[in-house]
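K.L.:
Structure provided below as structure tokens; questions to follow.
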Amino acid sequence: MDFSQIPEGHEDGEEPLVFHFNNAERVKNAPQIVKDYYEGKLVQKRPGLFKALVATKSNRLIFIALMVCFALVVFNTFFGPKPNVETLKGVPMSLASFSYDGNVLVSLEFDDVEKKFRGKYEKGIPVFAKFEAVDVDNQVVSVFEDAGLYEEKQIFLRAKFTDFDISSVNAFVELKFDGEGDGVDGSRSVVLKANVERR
């Protein structure tokens, strides 16, 4: 059924309304930019990405919030806590592991004591480390233990594993304080993790 021939907009007995539209007549008195637009002469420039991001007040606020979040992520990546570095009661520790010649070599470094703790550990602190080699399936494939005496100077505890696709090494480190000097008695422990560097 064709609905285009049904007259609308009038009461019974009256003549239907007729609308005439002439676009050329309508834009005759319009500004030149409107005439150019209707004739297809106006070339619109697409706004760039940055202009679109700062075009309105709400866009500017969202853009600023994104930039702040991005800055926080970058800052945390470079200056945030690292799983292979820790300081416990003034004793700095760092764990490193790398693959070499079919083996994974692990080194746990205890660095010089922090300045404000100098003299408190002169008699030495027994340190123990349990190293766990973890494969790509997050399964512990080998365990090694080592111990030493920390006397405020740099020492190393080391381990060596045969490389069975080891992806990371966990170190459970325990320091036994005697209670002299700073009043800390008993043992304190920390867990460090280092990914295996392939060389």
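K.L.:
Which Cα, out of Asn170, Ser58, Val68, lies furthest along the positive dipole direction of the chain (beta carbon charges, K/R +1, D/E -1)?
P.N.:
Selected residue: Val68.
K.L.:
Right, here's the next one. Treating the beta-carbon of each Lys and Arg as +1 and of each Asp and Glu as -1, no other charges, what is the dipole magnitude of region 85-199 about its Cα centre, to the nearest 20 debye?
P.N.:
Magnitude of the dipole: close to 260 debye.
K.L.:
How would you classify region 33-130 from its alpha-carbon gyration tensor, with a ≥ b ≥ c the square roots of the eigenvalues: rounded for a/c under 1.5, else prolate if a/b is greater than b/c, otherwise oblate?
P.N.:
Because a/c hits 1.5 or more and a/b exceeds b/c, region 33-130 counts as prolate.
K.L.:
Further question: Go ahead and collect, in residue order, the members of region 44-86 whose backbone nitrogen is under 20 Å from a label point 7 Å along the Cα-Cβ direction of Val27.
P.N.:
Flagged as within label range: 44-46.
K.L.:
Ok, one more. Based on the alpha-carbon gyration tensor of region 65-105 and its eigenvalue square roots a ≥ b ≥ c, which shape applies: rounded if a/c is under 1.5, prolate if not and a/b is larger than b/c, or oblate?
P.N.:
Working: a/c = 6.86, a/b = 1.68, b/c = 4.10.
Taking the square roots of the gyration eigenvalues as a ≥ b ≥ c, region 65-105 is oblate.
K.L.:
If you take the alpha carbon radius of gyration of region 63-199 and divide it by 2.2 N^0.38 Å, what ratio comes out, to two decimals?
P.N.:
Ratio of Cα Rg to 2.2 N^0.38 Å: 1.23.
K.L.:
Taking all protein chains in place and a 1.4 Å probe, what share, in percent, of the accessible surface of the chain do carbon and sulfur account for?
P.N.:
Carbon and sulfur together cover 55 percent of it.
K.L.:
What ³J(HN,Hα) values, in whole Hz, does the Karplus curve 6.51 cos²θ - 1.76 cosθ + 1.60 give for region 136-141 when θ = phi - 60°, with x put for Gly and Pro?
P.N.:
So the Karplus estimates, Gly and Pro as x, are 5, 8, 6, 10, 6, 9 Hz.
K.L.:
Measure nothing but the geometry: give the 0 to 90° angle between the long axis through the Cα atoms of 57-79 and the longest principal axis through the Cα atoms of the chain, rounded to 10°.
P.N.:
It is inclined by approximately 20 degrees.
K.L.:
Suppose all protein chains stay in the model; what accessible area per residue would a 1.4 Å probe give for the chain, in Å²?
P.N.:
For the chain, the per-residue accessible area is 75 Å².
The values are calculated or read from the model by the stated rules, or taken from the named source; none is laboratory data. Computed from a predicted model, the values in this text were never measured in an experiment. With ideal geometry, Cβ positions are generated from the backbone for all residues, glycine too; neighbour counts draw on all protein chains shown. With ligands, DNA and RNA removed, areas are computed over all heavy atoms of the protein, side chains included. Shrake-Rupley method; radii C 1.70, N 1.55, O 1.52, S 1.80 Å.
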